[in-house]
Amino acid sequence: MGKILDGKAFANQKAEKLKEKVKNLKSEGIQPYFCVINIGDNPASKLYVKTKKRRSESVGIIQKIYQLPENEKEEDVLALIDELNADKKVYGVMVQLPVPEHINANHLMERIDPKKDVDGLTPANMGRLWQGNHFVEPATADGIIALLDYYHIDLAGKNVVIIGRSNIVGKPVAALALERDATISILHFCTKNLTEYTKLADVIISAAGQANLITADMIKENAVIIDVGINHVNGHLVGDVAFDEVKDKASWITPVPGGIGPITVEFLMEQVIKLTRKANGR
Ligand code: NAD
């Protein structure tokens, strides 16, 4: 059976390190502080925002939530971003995605000051990521690479297959794996035959949001499997990977829950600390 990449244990260790970093900043009179703008009533978004707040507080970071109504005008959200960009005590600004349909998320991303871009989703920071010249990274992607490092899984020269091309996971994790000298394939809805690629993969990172997408017959013996997907099936939380059958063929595998989920929020906190340090010349 494949060994478990224990995201929860890794996240707990990370949290201890973050507490230490925050303590050091506070001893210099610097308080890491960031703001989350949540627009509308999406229950999943509200839950994510609350989870982030709980985790922030537990490591000593202040997170302020701006809960805006579903019908908030785009120009008013932009004005709020301007205000937070100008506020010296605020080191990070993020907009919880998705936003209501009448608002263009790209306009909001373009407006966030790249120096306060906790999510690493502004055009400037996405560009820096592909240039290999970045100071902030989308949290899930950063967390995946850190988890592989923690387990000494080297990506150099490996075939890495990523399923999903979102700005928050697929594209940034591709950029970071490329930086680690992996050979990358990014698969998506229009990819004709997933198995043709997954069979050759040393590492599969699935961020599709489709339960049972990856089955044992699709992977090669001893592949490393990173399951980012979050799906609700019959009241249970599952990933994209048919865990029970794939685990026997994989060398390493992340469970869902307890894999990438807990890591993501800790790595978001890591970005807040990085931006706070940078803004204070550390
Ligand atoms: P998304 O939901 O915006 O898009 C899904 C992507 O997967 C698209 O690029 C699509 O082309 C691709 N895709 C979907 N079904 C496919 C299929 N059958 N074959 C090939 N490609 C397919 O992407 P996202 O926002 O990155 O989210 C993906 C999943 O990851 C969701 O389940 C989301 O909840 C989860 N997620 C988890 C975390 C975490 O911390 N664990 C963080 C972010 C996202």
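Some values worked out for this structure:
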{"quantity": "Anisotropy class of the chain from Cα gyration tensor, a/c 1.5 cut", "calculated": "prolate"}
{"quantity": "DSSP-defined beta bridges in the range 90-204 - what % are antiparallel, rounded to 5", "calculated": "0 percent"}
{"quantity": "Partners for LYS88 among lysines (Cα-Cα distance below 19 Å; same-chain residues under 8 apart left out)", "calculated": "LYS26, LYS64, LYS115, LYS116, LYS274, LYS278"}
{"quantity": "Cα gyration tensor shape of the range 53-145, rounded if a/c is under 1.5, else prolate or oblate by comparing a/b with b/c", "calculated": "oblate"}
{"quantity": "Cβ-defined net charge surrounding LEU121, 11 Å radius [Lys, Arg +1; Asp, Glu -1]", "calculated": "-3"}
{"quantity": "Residue of SER206, SER56, SER166 that the Gaussian network model of the chain assigns the largest fluctuation, springs spanning Cα pairs under 10 Å", "calculated": "SER166"}
{"quantity": "Bridge type composition, the chain - antiparallel percent by DSSP, nearest 5", "calculated": "10 percent"}
{"quantity": "Rounded, prolate or oblate (a/c below 1.5 giving rounded, otherwise prolate when a/b exceeds b/c) for the range 40-84 by Cα gyration tensor", "calculated": "oblate"}
{"quantity": "Candidates PRO32, PRO100, PRO114, ranked by Gaussian network fluctuation over the chain, Cα under 10 Å, top entry", "calculated": "PRO100"}
{"quantity": "Relative contact order, percent, the chain [alpha-carbon distance under 8 Å, six or more residues apart]", "calculated": "22 percent"}
{"quantity": "The range 83-141: relative contact order in percent, alpha carbon pairs under 8 Å with at least 6 residues between", "calculated": "27 percent"}
{"quantity": "Residue among GLY259, GLY239, GLY127 with the largest mean-square fluctuation in a Gaussian network model of the chain, springs linking Cα atoms under 10 Å", "calculated": "GLY127"}
{"quantity": "Over the chain: helical MRE at 222 nm, DSSP H runs n ≥ 4 each giving -39500 (n - 2.57), nearest 500", "calculated": "-13000 deg cm²/dmol"}
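Here, each number is a calculation from the coordinates, and none is a lab measurement. No experiment lies behind these values; they were computed from the predicted model shown. Positions of Cβ are backbone-derived with ideal geometry, glycine not excepted, and every protein chain shown enters the neighbour counts.
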